[in-house]
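*Asks:* Before anything else, here's the structure in question.
The values are calculated or read from the model by the stated rules, or taken from the named source; none is laboratory data. These numbers were taken from a predicted model, which means no experiment stands behind them. As a convention, Cβ positions derive from the backbone with ideal geometry for all residues, glycine included, and neighbour counts pool all protein chains shown.
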Amino acid sequence: MDECLLLFDIDGTLIDAGGAGVGAIRLAVQDLYGDEIAVPELDVRGTTDAALAQKLLPAMGAEVSPRNIAQLYEAYLIRLREQFQKVSPEAGILPGVHELLNTLKKEGVVMGLLTGNLEAGAWIKLERFGLDQYFSFGAFGDEHPERDKLGPEALAEAERVHQRRFNPMASVVIGDTPRDISCGRVIGASTVAVATGAYALEELSEHNPTLALRSLEESGVILDLVSKLSGGRALDSGVRGRSA
């Protein structure tokens with residue numbers, strides 16, 4: 001029997017960071033290159049931090065070098081911690097997340113991260129909202145500008161941590177952008193697109209994910225998919241009544 005592997009995006013999928021990430025990026029750039037600098041508009045939807053660094057540094061007149069990237073990351077992480085010390089009304093865990101993660105954890109489903117965040121930034125965000133307890137591994141956006149390269153890394157890390165192989169076709173990538181759908185499709189995984197981020201349900205549906213949901217409150221269909229990919233193993237869920 002194949003064991004299902006679930007790989008979660010963070011921003012717009014598990015949490016709404018209330019603008020803390022983008023705010024931290026802008027402050028970090030100003031810390032390094034001056035308050036008068038004009039930070040370009042950033043489309044962070046589904047991108048990786050490595051891609052953002054490659055866009056920002058030339059705009060600041062800086063070389064895209066390992067040293068400059070490391071300095072930008074360090075300044076960003078400092079500012080991210082500061083941003084999360086401020087309470088934002090928009091920040092919080094998204095609907096249905098706790099219930100779904102608790103059910104999956106109870107059932108022993110393997111869960112990992114597949115995110116464009118820096119690894120350190122990902123853990124800062126998850127710890128801020130108490131979601132770090134559900135995850136022990138993942139693929140992160142430190143090195144790869146192309147998000148599609150993260151899927152194979154996530155599979156390899158899952159196998160390293162759990163000391164067994166995972167069938168990509170028995171895996172699920174869950175995210176809130178078309179890039180998450182593409183990332184899952186590259187490795188042959190099922191995809192769940194959730195409209196709790198910057199894209200509407202109709203926009204996500206146009207990219208033909210396996211499931212397109214308004215929120216993770218529609219947990220029943222996710223659990224049915226996990227059961228199917230696990231060879232029909234029934235999942236005992238107290239949250240299935242919330243599915244649409």
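*Asks:* What are the residue pairs meeting all of these: first residue in segment 154-178, first residue without any contact (Cβ under 8 Å) to a residue 40 or more places away in the chain, second residue of a type in the set (D, E, K, R) and part of a loop (DSSP other than H, G, I, E, B), Cβ atoms under 8 Å, and 6 or more apart or on different chains?
*Replies:* That search, which allows pairs on different chains as well, returns GLU159/ARG165.
*Asks:* Is it the case that ARG79 is loosely packed, with under 15 Cβ neighbours inside 10 Å, out of contact with any His (no Cβ under 7 Å at 6 or more places or on another chain) and modelled with pLDDT of 95 or more?
*Replies:* Details: loosely packed, with under 15 Cβ neighbours inside 10 Å: no; out of contact with any His (no Cβ under 7 Å at 6 or more places or on another chain): yes; modelled with pLDDT of 95 or more: yes.
Judged against the criteria, ARG79 is not a match.
*Asks:* Please give the number of the condition GLU74 fails out of (1) outside the structural domain of ILE10 (by TED's automatic domain parsing); (2) surrounded by 19 or more Cβ atoms within 10 Å (Cβ to Cβ); (3) not β-branched (Val, Ile, Thr).
*Replies:* Among (1) outside the structural domain of ILE10 (by TED's automatic domain parsing); (2) surrounded by 19 or more Cβ atoms within 10 Å (Cβ to Cβ); (3) not β-branched (Val, Ile, Thr), the lone unmet condition for GLU74 is (2).
*Asks:* Same structure, new question: Considering only residues that are of a type in the set (Val, Ile, Thr) and either surrounded by fewer than 19 Cβ atoms within 10 Å (Cβ to Cβ) or assigned to a loop (DSSP other than H, G, I, E, B) (or both), which ones fall in segment 171-186?
*Replies:* Pass one, segment 171-186, residues of a type in the set (Val, Ile, Thr): 172-174, 177, 181, 186.
Correct list: THR177, VAL186.
*Asks:* Could you list, in sequence order, the residues of segment 73-107 that are among the aliphatic types (A, V, I, L, M) and in contact with a helix residue (DSSP H, G or I) (Cβ under 9 Å, 6 or more places away or on another chain)? Full working, then the answer.
*Replies:* Narrowing segment 73-107 to residues among the aliphatic types (A, V, I, L, M): 75, 77-78, 80, 87, 91, 93-94, 97, 100-101, 104.
Across segment 73-107, the qualifying residues are ALA75, LEU77, ILE78, LEU80, ALA91, LEU100, LEU101, LEU104.
*Asks:* Kindly evaluate ARG242 against the criterion of being at pLDDT below 95 and either closer than 28 Å to ALA120 by Cα or surrounded by fewer than 17 Cβ atoms within 10 Å (Cβ to Cβ) (or both). Talk me through it step by step, then tell me what you get.
*Replies:* Details: at pLDDT below 95: yes; either closer than 28 Å to ALA120 by Cα or surrounded by fewer than 17 Cβ atoms within 10 Å (Cβ to Cβ) (or both): no.
Taking the combined requirement at face value, the residue does not satisfy it.
*Asks:* Go through the residues of segment 187-204 one by one and say whether even a single one is in a loop (DSSP other than H, G, I, E, B), of a type in the set (S, T, N, Q) and crowded, with 18+ Cβ neighbours inside 10 Å.
*Replies:* Within segment 187-204, one or more residues are in a loop (DSSP other than H, G, I, E, B), of a type in the set (S, T, N, Q) and crowded, with 18+ Cβ neighbours inside 10 Å.
*Asks:* Would you check which residues across segment 60-72 are in contact with a helix residue (DSSP H, G or I) (Cβ under 7 Å, 6 or more places away or on another chain) and either closer than 27 Å to ARG128 by Cα or of a type in the set (Phe, Trp, Tyr) (or both) and list them?
*Replies:* ILE69, GLN71, LEU72, listed by residue number.
*Asks:* Evaluate the following for GLY116: is it within 24 Å of GLU3 (Cα to Cα) and touching a residue at least 12 places away in the same chain (Cβ under 8 Å)?
*Replies:* Numbers: within 24 Å of GLU3 (Cα to Cα): no; touching a residue at least 12 places away in the same chain (Cβ under 8 Å): yes.
Taking the combined requirement at face value, the residue does not satisfy it.
*Asks:* Does ALA156 satisfy the criteria of being of a type in the set (A, V, I, L, M), at pLDDT 95 or above, surrounded by 18 or more Cβ atoms within 10 Å (Cβ to Cβ) and not assigned by TED's automatic domain parsing to the domain that holds THR47? Working first, answer last.
*Replies:* On the way: of a type in the set (A, V, I, L, M): yes; at pLDDT 95 or above: yes; surrounded by 18 or more Cβ atoms within 10 Å (Cβ to Cβ): no; not assigned by TED's automatic domain parsing to the domain that holds THR47: yes.
Spelling it out, it is not the case that ALA156 is of a type in the set (A, V, I, L, M), at pLDDT 95 or above, surrounded by 18 or more Cβ atoms within 10 Å (Cβ to Cβ) and not assigned by TED's automatic domain parsing to the domain that holds THR47.
*Asks:* Taking interchain pairs and intrachain pairs at least six residues apart, which have beta carbon atoms under 7 angstrom, with the first residue in segment 40-63 and under 24 Å from LEU150 (Cβ atoms) and touching a residue at least 24 places away in the same chain (Cβ under 8 Å) and the second of a type outside the set (A, V, I, L, M) and surrounded by fewer than 16 Cβ atoms within 10 Å (Cβ to Cβ)?
*Replies:* ALA50/GLU143
*Asks:* Just to be sure I understand the filter: pairs with C-beta atoms under 8 Å, separated by 6 or more residues or on different chains, first member in segment 183-197 and of a type in the set (D, E, K, R), second member assigned to a strand (DSSP E or B). Which pairs pass?
*Replies:* ARG185/THR191
Here's the yes/no breakdown for (1) assigned by TED's automatic domain parsing to the domain that holds VAL97; (2) touching a His at 6+ places or on another chain (Cβ under 9 Å); (3) farther than 16 Å from GLN71 by Cβ:
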residue: GLY12; (1), (2), (3): yes, no, yes
residue: ASP31; (1), (2), (3): no, no, no
residue: GLY34; (1), (2), (3): no, no, no
residue: ILE37; (1), (2), (3): no, no, no
residue: PRO40; (1), (2), (3): no, no, yes
residue: THR48; (1), (2), (3): no, yes, yes
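*Asks:* Is there a residue being more than 18 Å from GLY19 (Cα to Cα), crowded, with 22+ Cβ neighbours inside 10 Å and either in the same structural domain as VAL194 (by TED's automatic domain parsing) or of a type outside the set (Val, Ile, Thr) (or both) anywhere in segment 57-65? First the steps, then the outcome.
*Replies:* Going residue by residue through segment 57-65, those that are more than 18 Å from GLY19 (Cα to Cα) are 57-65.
This time we only want the ones that are crowded, with 22+ Cβ neighbours inside 10 Å, so: none.
Among the residues of segment 57-65, not one is more than 18 Å from GLY19 (Cα to Cα), crowded, with 22+ Cβ neighbours inside 10 Å and either in the same structural domain as VAL194 (by TED's automatic domain parsing) or of a type outside the set (Val, Ile, Thr) (or both), which makes the answer no.
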